[in-house]
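Remarks on the structure that follows.
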Amino acid sequence: AAVGTSAGAVDTRLFVGPKSIDLLKSIHTANGQSLDDVVSFGWWGWVAKPMFLVLRFFVTHGIPNWGWAILVLTAILNLAMLPTRFMMMKSSLKMQRIQPQIEAIKAKYAKYARTDPRRQEMNKEMFDLQRKEGVNMFGSCLPMLLQYPLLIGFYEMLEKAIALRQAHWLWLPDLSAPDPLRILPVFVIVSMFLSQFFTPSPGMDQRQQRMMAFMMPVFFGFIMWNLGSGVCLYWAGSNLIGVAQQLAINRSSMGREMRALAAKRAAKKAGKTINARR
């Protein structure tokens, strides 16, 4: 075909068709390079593309449904992150053990205003105590922080991978489109509330804890309302597995000790409240 010049003819090859990775991988340029790199998963491709390749492997090797493949991958990822839950519980237990000392330090500086420079000494004493006892303030956030890249990766994968379009699962006609019945977003809210409810939060004010238990699930449910149902399926499945794991951990010796410390602290606070009223 003559392209942009009257001096002669230029031959070129064009591909017109769906951006299917399998199809693009079978087509090569003149220098032998395949076209599969045309499908870009964006900044989060380092998460999204491997997840897609794993899902495709599941679908072509015994799980002939993308929805069930997503749930299998969800279970594998949650099992892989189980050690982080134990780290979170250990950090929470250490925090509960030193809570009386933390409260003693706060009481020591309670007479000073928040703007008083001596408040910095209180923060330093608390930090030194936590460092001495091996308490990691961010240990309880680790599982959630690890979940975010996976969640974004699922979103990017559903946006870019054409193989999941029109892929059905049970009542879901298209895993790349929102749940038409909105069952999964509601399940995300309920399962996330249960996860927040069963996960210990030592040192957190009860009002703040109740607010987090309700606000976070509603916030994520709102986000999931119009997202692809494949993302919701992953998040709902992850929450359900997380609740089961947390219940099992709560029944362990570590979990029983945490409940005993929490009950002791609650009884102490209740006694103080009664005395104050009298």
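Mind telling me which of the residues 226, 239, 275 ends up being loosely packed, with under 13 Cβ neighbours inside 10 Å and either modelled with pLDDT of 80 or more or assigned to a loop (DSSP other than H, G, I, E, B) (or both)? Even if it seems obvious, please write down each step before you answer.
Values: 239 fails: loosely packed, with under 13 Cβ neighbours inside 10 Å; 275 fails: either modelled with pLDDT of 80 or more or assigned to a loop (DSSP other than H, G, I, E, B) (or both).
Only one candidate qualifies: 226.
Can you pull out the residues in segment 246-265 that are open to solvent by 20 Å² or more (accessible area, probe 1.4 Å) and polar (S, T, N, Q)?
Taking segment 246-265 as the starting set, the residues that turn out to be open to solvent by 20 Å² or more (accessible area, probe 1.4 Å) are 247-248, 250-254, 256-257, 259-265.
Of everything in segment 246-265, those that are open to solvent by 20 Å² or more (accessible area, probe 1.4 Å) and polar (S, T, N, Q) turn out to be 250, 252, 253.
The values are calculated or read from the model by the stated rules, or taken from the named source; none is laboratory data. Source: prediction; values computed, not measured. Virtual Cβ from ideal backbone geometry, glycine too; neighbours counted across all protein chains shown. SASA here: full protein model, heavy atoms, side chains in, ligands and nucleic acids out. Shrake-Rupley method; radii C 1.70, N 1.55, O 1.52, S 1.80 Å.
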